[in-house]
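Engineer: Structure provided below as structure tokens; questions to follow.
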Amino acid sequence: MDREKSKTIKNDIRLLAVDVDNTLLDFDACAFDCIRKSFDQWKLPFNQKVIPTFMEINEAFWRKIERNEMSFEEHRKIRWNTIFAALGITDVDGEEFEVTFREHLYDSHICIKGALEAVEILSKKYPMMIVSNGAGQQQKQRIEKAGLRPYFFDVLTSMEVGCKKPDPKFFDALFDHAKTKVEDIQREQILVIGDSLITDVQGAISSQMNALWFHPEAKRKMDEEELAEVILYGSNDWYEVVDFLMS
């Protein structure tokens, strides 16, 4: 997207819709902390294989959820049993361990560097709402504890909508909520900010909204794969995002 076109689109943005995990909150850091606490509580052996195994299996399951090949309920039932099997840990009920893990996750709220300062600044120019595929009450609790909630007029989660990003129905619901805050807003005046190329970026673009890809590989991949033609901006630095949107 050339500079003039990007500037024109940016100047028309009237509302920001922001994802939670690995966009506002550091899910990887939160998960690490919660896994350590859960393993300690259950007196399970913790070694260097635990976190990479969790990340690999959990990421694969989330991709299935995005493709509607797995439900949230199935995810909760099999996640830790699958991880324990891969780690060679036996005689542990993965479903019961999942409850412990989620109890810790419910309270986890480690922010991405610069996120809190960024939303405070951006809220002075843009009305903002949360859009998340995470569990509704859990996400609301984590956002509240992180000190982020005052800067967002609404929190929209997949459990409340009844479908997940990138389903067009989710973005229809987003648009309906946006219209209650900004009079005569158009879809292309909404900027979705998120880390997932599929659920956040492609979901937004397919619904005639604009997208900012918040991901460590965003800039490189946008150049290599010509994604810059359809994505407004890419970064994994909230300070850069603020400079871009406030200029």
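Engineer: So the check is Cβ under 6 Å with 6+ separation or different chains; which pairs have a first residue in segment 209-225 that's at pLDDT below 85 and a second one that's in a helix (DSSP H, G or I)?
Structural biologist: Met222/Ala228
Engineer: Would you pick out the residues in segment 69-104 that are assigned to a loop (DSSP other than H, G, I, E, B) and either touching a residue at least 60 places away in the same chain (Cβ under 8 Å) or farther than 23 Å from Ser196 by Cα (or both)?
Structural biologist: Gly88, Ile89, Thr90, Asp91, Val92, Asp93
Engineer: Sticking with this structure for a sec: Would you please name the residue that is farthest from Arg14 (Cα to Cα), looking only at residues in segment 117-127 that are without any contact (Cβ under 8 Å) to a residue 60 or more places away in the chain and open to solvent by 60 Å² or more (accessible area, probe 1.4 Å)? Walk me through it before giving the result.
Structural biologist: Within segment 117-127, the first condition is being without any contact (Cβ under 8 Å) to a residue 60 or more places away in the chain, and the residues that meet it are 120, 123-124.
With the extra rule that they be open to solvent by 60 Å² or more (accessible area, probe 1.4 Å), the set shrinks to 120, 124.
Working: Glu120: 16, Lys124: 12 Å.
The residue in question is Glu120.
Engineer: Turning to a different aspect of this structure: On the basis of being touching a residue at least 60 places away in the same chain (Cβ under 8 Å), within 30 Å of Ile35 (Cβ to Cβ) and open to solvent by 30 Å² or more (accessible area, probe 1.4 Å), does Ile193 make the cut? Give the steps one after another, and end with the answer.
Structural biologist: Working: touching a residue at least 60 places away in the same chain (Cβ under 8 Å): yes; within 30 Å of Ile35 (Cβ to Cβ): yes; open to solvent by 30 Å² or more (accessible area, probe 1.4 Å): no.
Criteria not met by Ile193.
Engineer: Which residues, taken from segment 178-192, are among the polar types (S, T, N, Q) and over 17 Å from Leu212 (Cβ atoms)?
Structural biologist: Thr180, Gln186, listed by residue number.
Engineer: Shifting gears a bit: Can you name the condition, by its number, that Asp176 falls short on among (1) in a helix (DSSP H, G or I); (2) open to solvent by less than 10 Å² (accessible area, probe 1.4 Å)?
Structural biologist: Among (1) in a helix (DSSP H, G or I); (2) open to solvent by less than 10 Å² (accessible area, probe 1.4 Å), Asp176 violates only (2).
Engineer: Can you tell me which residue within segment 75-112, out of those that are of a type in the set (S, T, N, Q) and open to solvent by 40 Å² or more (accessible area, probe 1.4 Å), is modelled with the lowest pLDDT? If you could, list the steps in order and put the result at the bottom.
Structural biologist: Looking only at segment 75-112, we keep the residues that are of a type in the set (S, T, N, Q), and these are 81-82, 90, 100, 108.
Now narrow it down to the ones that are open to solvent by 40 Å² or more (accessible area, probe 1.4 Å): 81-82, 90.
Working: Asn81: 97, Thr82: 98, Thr90: 93.
By that ranking, first place goes to Thr90.
Engineer: When segment 128-158 is examined, which residues are found to be touching a Lys or Arg at 6+ places or on another chain (Cβ under 9 Å) and either among the β-branched types (Val, Ile, Thr) or open to solvent by 30 Å² or more (accessible area, probe 1.4 Å) (or both)? Give the steps one after another, and end with the answer.
Structural biologist: Looking only at segment 128-158, we keep the residues that are touching a Lys or Arg at 6+ places or on another chain (Cβ under 9 Å), and these are 129-135, 138, 140, 143, 148-149, 153-155, 157-158.
Of everything in segment 128-158, those that are touching a Lys or Arg at 6+ places or on another chain (Cβ under 9 Å) and either among the β-branched types (Val, Ile, Thr) or open to solvent by 30 Å² or more (accessible area, probe 1.4 Å) (or both) turn out to be Ile130, Val131, Lys140, Ile143, Arg149, Phe153, Asp154, Val155, Thr157.
Engineer: Right, another one. I need the helices (runs of 4 or more DSSP H) fully contained in segment 113-173, keeping only those with at least 1 residues that are hydrophobic (A, V, I, L, M, F, W, C) and modelled with pLDDT of 95 or more.
Structural biologist: On the way: elements: 115-122, 136-145, 158-161.
Helices (runs of 4 or more DSSP H) meeting the threshold: 115-122, 136-145.
Engineer: Of the residues that sit in segment 215-236 and are of a type in the set (Lys, Arg) and under 20 Å from the mean Cα position of the chain (by Cα), which one is most open to solvent (accessible area, probe 1.4 Å)? Walk me through how you get there before you give the answer.
Structural biologist: The initial filter retains those residues of segment 215-236 that are of a type in the set (Lys, Arg), namely 219-221.
From the residues that got through so far, the ones that are under 20 Å from the mean Cα position of the chain (by Cα) too are 219, 221.
Working: Lys219: 99, Lys221: 63 Å².
That would be Lys219.
Engineer: Return only the number of the condition from (1) touching a strand residue (DSSP E or B) at 6+ places or on another chain (Cβ under 9 Å); (2) modelled with pLDDT of 95 or more; (3) part of a loop (DSSP other than H, G, I, E, B) that Met1 does not satisfy.
Structural biologist: (2)
Engineer: Ok, one more. Within segment 11-60, how many residues are surrounded by fewer than 17 Cβ atoms within 10 Å (Cβ to Cβ) and not polar (S, T, N, Q)?
Structural biologist: Final tally of qualifying residues: 18.
Engineer: Shifting gears a bit: Can you work out which of the residues in segment 199-209 that are closer than 13 Å to Ile231 by Cβ and in contact with a Lys or Arg (Cβ under 9 Å, 6 or more places away or on another chain) is surrounded by the fewest Cβ atoms within 10 Å (Cβ to Cβ)?
Structural biologist: Met209
Engineer: Also, I was wondering about something else. Tell me the residue from Asp12, Asp19, Asp26 that is under 22 Å from Ile190 (Cβ atoms), within 23 Å of the chain's Cα centre (by Cα) and touching a residue at least 60 places away in the same chain (Cβ under 8 Å), please.
Structural biologist: Numbers: Asp12 fails: within 23 Å of the chain's Cα centre (by Cα); Asp26 fails: under 22 Å from Ile190 (Cβ atoms).
After applying the criteria, what remains is Asp19.
Engineer: So, Asp26, is that one at pLDDT 95 or above and touching a strand residue (DSSP E or B) at 6+ places or on another chain (Cβ under 7 Å) or not? First the steps, then the outcome.
Structural biologist: Values: at pLDDT 95 or above: yes; touching a strand residue (DSSP E or B) at 6+ places or on another chain (Cβ under 7 Å): yes.
Judged against the criteria, Asp26 is a match.
The values are calculated or read from the model by the stated rules, or taken from the named source; none is laboratory data. Since the model is a prediction, treat every value here as computed from it, not as a measurement. Please note: Cβ atoms are built from the backbone with ideal geometry, for glycine as well, and neighbour counts cover all protein chains shown. Accessible surface areas use protein heavy atoms only, side chains included; no ligands, DNA or RNA. Shrake-Rupley method; radii C 1.70, N 1.55, O 1.52, S 1.80 Å.
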